[in-house]
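Inspection log for the structure reproduced underneath, given as structure tokens.
The values are calculated or read from the model by the stated rules, or taken from the named source; none is laboratory data. Just so it is clear, the structure is predicted and the values come from calculations on it, not from any experiment. Cβ sites come from the backbone with ideal geometry, for glycine too, and all protein chains shown count toward neighbours.
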Amino acid sequence: MKKIILLIGLTATICTALILGCKHYESAKNNQTIEISQQPNLIVIMADDLGYADVGFNGCKDIPTPNIDRIAENGVMCTNAYTTYSVCSPSRAGFITGRYPQRFGYERNVQYRVNDPEMGLSKDEATLATFLKQAGYKSGVIGKWHLGAHQSNHPLNRGFDEFYGHLGGGHRYFSEELVIDDSYAAVDEPESYRTWIMRNHGHEKTDEYLTDEFSNEAVQFVVRHKDEPFFLYLSYNAPHAPMQATEKYLSRFPNIEDIKRKTYAAMVSAVDDGVGNLLNKLAELDIEENTIVIFLSDNGGPEKNNASDNGILREGKGSVYEGGFRVPFAIQYKAKFDKGVYNKPISALDIYATMAAITATPENPNKPLDGVNLIPYITGENKEVPHETIYLRKFDQNRFAVRNNDYKLVTFNNGSVKELYNLKEDISESKNIIGDFPEIANQIDTIRGEWAKQLIDPAFLGLIHTDAWQKSGKKGKKK
Ligand code: CA
């Protein structure tokens, strides 16, 4: 009798699994098979210009970030995580397409040009939201977009179902300073910082501190979509300049005397509160287990500009050294990951590739992804290195940075100047050892050259080319 009950129970379990759509997913790159019972939700929380050493899980002492740290404590902190660029706009283009942005000419910060359809993400590229839509996800962006201000590049025209935020590269935080009621009436970057906040294609007057606005919206987004697979891109513009914080947050730092660092700390603290509210809501709605939550910064901290701190990493935002594009990164996926630390190199590119593997959505063969499915690596099922090589090119400066395993080659001026570092022994890139290891440098330079052949020149004039754009007379006309 017992056996029969057991058999019925087992059959019921199999049937339930079939009814729930228990599938096997295969990652194209790694041939790893993953079994999951449900499509997980994805929340990517991207801070803006946050320093590597400015979160508790990376050792920050003067700014407590207990809520951001919860993601690392409930999951995995990744110590060698890179973005695809060391400034905002191209970094986000890499993340949202899962491809190195240098492949499609996205190598500059965009200008805020509402009449120029070419100023932003190429229409030939698909976003993660477009991709996930095919798998039945609902996607939303809350916060900073910065992938083009022309209507054709509006989030709702790039695969997202919802948008609450601003189109440009930054925004003023106090509602009384947001005096332009239409984003498309702003003519340049400074004006774009003062627009009302867009809700989908409309505009709203806000009354709260902007970071709090975005946090509240994020909580409401998950409440709205709790019963279906969702992708939330919570793209805080904090702690990017302008340095503005409310007394509520400033008062938490009576011991920080430097006013810029104090304001920065307050801005980070506001983000941390928002992350906490969001995590609490996931738990309350009982969707915590099946939601992947990732926290990262879009690039390194511009230390002089916003008083951020990249710790022992060399330089910061804009640089080809580690401080430019190695970022704080933590990932929580309670259904799959035990608490841990992952030290092998990973990339923001991997977020897209991971979701592609999970949803088993076929890749576009003409647009191969540059990332890998992180899940088997983080679970330990795959002990290989996710990325033997991490690449960065900065076209306008004639610079490359290519990390191959522990070694990193940095080249300047079309390769006439070369530097080699061993990151395992010298994380601060303080000792150029190219004289001792010319063969390693040559090997990496060959890899660099092969990658460079796959890239194209920048497709639009960037923020530093404002005058050239004005003189070009293009103003919205196609090249
Ligand atoms: Ca940034």
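Report yes if K304 is away from the ligand (no atom under 15 Å from the Cβ), over 20 Å from the mean Cα position of the chain (by Cα) and of a type in the set (D, E, K, R), otherwise no. So K304 does not fit the description; no.
Within segment 169-182, work out how many residues are out of contact with any His (no Cβ under 7 Å at 6 or more places or on another chain) and surrounded by 18 or more Cβ atoms within 10 Å (Cβ to Cβ).
4
Answer yes or no as to whether Y82 is within 16 Å of the ligand (Cβ to nearest atom), under 15 Å from the mean Cα position of the chain (by Cα) and among the aromatic types (F, W, Y). Yes: the conditions hold for Y82. If I go through segment 310-328 residue by residue, how many of them are among the charged types (D, E, K, R), crowded, with 24+ Cβ neighbours inside 10 Å and assigned to a loop (DSSP other than H, G, I, E, B)? Residues in segment 310-328 being among the charged types (D, E, K, R), crowded, with 24+ Cβ neighbours inside 10 Å and assigned to a loop (DSSP other than H, G, I, E, B): 1 in total. Cβ separations smaller than 9 Å between residues 6+ apart or across chains give no pair from segment 446-460 residues that are free of Cβ contacts under 8 Å to residues at least 24 places away in the same chain to residues that are loosely packed, with under 11 Cβ neighbours inside 10 Å.
Is segment 118-128 home to any residue that is away from the ligand (no atom under 15 Å from the Cβ), free of Cβ contacts under 8 Å to residues at least 24 places away in the same chain and closer than 25 Å to V219 by Cα? No.
Among N280, N237, which is the only one that is at pLDDT 95 or above and under 19 Å from the mean Cα position of the chain (by Cα)?
Checking each option against the conditions leaves just N237.
Taking the criterion of being closer than 15 Å to P155 by Cα and away from the ligand (no atom under 13 Å from the Cβ), the residues of segment 86-111 that qualify are I96, T97. With respect to (1) buried (at least 17 other Cβ atoms within 10 Å of the Cβ); (2) without any contact (Cβ under 8 Å) to a residue 60 or more places away in the chain; (3) more than 18 Å from the chain's Cα centre (by Cα), the lone exception for P386 is condition (3). How about segment 273-290: which of its residues are surrounded by fewer than 24 Cβ atoms within 10 Å (Cβ to Cβ) and either within 16 Å of the ligand (Cβ to nearest atom) or outside any loop (DSSP other than H, G, I, E, B) (or both)? Across segment 273-290, the qualifying residues are D273, G276, N277, L278, L279, N280, K281, L282, A283, E284. If you check F295, F325, F329 for being touching a Cys at 6+ places or on another chain (Cβ under 6 Å) and within 16 Å of the ligand (Cβ to nearest atom), only one passes: F329.
Taking the criterion of being assigned to a helix (DSSP H, G or I) and either within 16 Å of the ligand (Cβ to nearest atom) or within 17 Å of T195 (Cβ to Cβ) (or both), the only residue of segment 217-262 that qualifies is E217.
Restricting attention to segment 429-444, and to residues there that are assigned to a helix (DSSP H, G or I) and in contact with a strand residue (DSSP E or B) (Cβ under 6 Å, 6 or more places away or on another chain), which single residue is nearest to L392 (Cα to Cα)?
Going through the qualifying residues, I end up with I444.
From the residues in segment 221-241 that are more than 14 Å from T291 (Cβ to Cβ) and touching a strand residue (DSSP E or B) at 6+ places or on another chain (Cβ under 9 Å), which one is surrounded by the fewest Cβ atoms within 10 Å (Cβ to Cβ)? Quick ask: steps written out before the conclusion?
Step one: of segment 221-241, the residues more than 14 Å from T291 (Cβ to Cβ) are 224, 235-241.
Subset that is touching a strand residue (DSSP E or B) at 6+ places or on another chain (Cβ under 9 Å): 224, 235-240.
Numbers: R224: 13, S235: 24, Y236: 28, N237: 30, A238: 30, P239: 30, H240: 26.
So, considering only residues that are more than 14 Å from T291 (Cβ to Cβ) and touching a strand residue (DSSP E or B) at 6+ places or on another chain (Cβ under 9 Å), the one surrounded by the fewest Cβ atoms within 10 Å (Cβ to Cβ) is R224.
For segment 37-75, filtered to residues that are surrounded by fewer than 17 Cβ atoms within 10 Å (Cβ to Cβ) and modelled with pLDDT under 95, the residue that is farthest from the ligand (Cβ to nearest atom) is S37. Residues satisfying the criterion are present in segment 341-349 (criterion: part of a helix (DSSP H, G or I) and buried (at least 23 other Cβ atoms within 10 Å of the Cβ)).
Restricting to segment 159-216, count the residues that are of a type in the set (D, E) and within 16 Å of the ligand (Cβ to nearest atom).
1
Scanning segment 407-438 for residues that are surrounded by 17 or more Cβ atoms within 10 Å (Cβ to Cβ) and on the phi > 0 side of the Ramachandran plot turns up just one, E429.
Here N200 passes the criteria (1) crowded, with 17+ Cβ neighbours inside 10 Å; (2) at positive phi except the one numbered (1).
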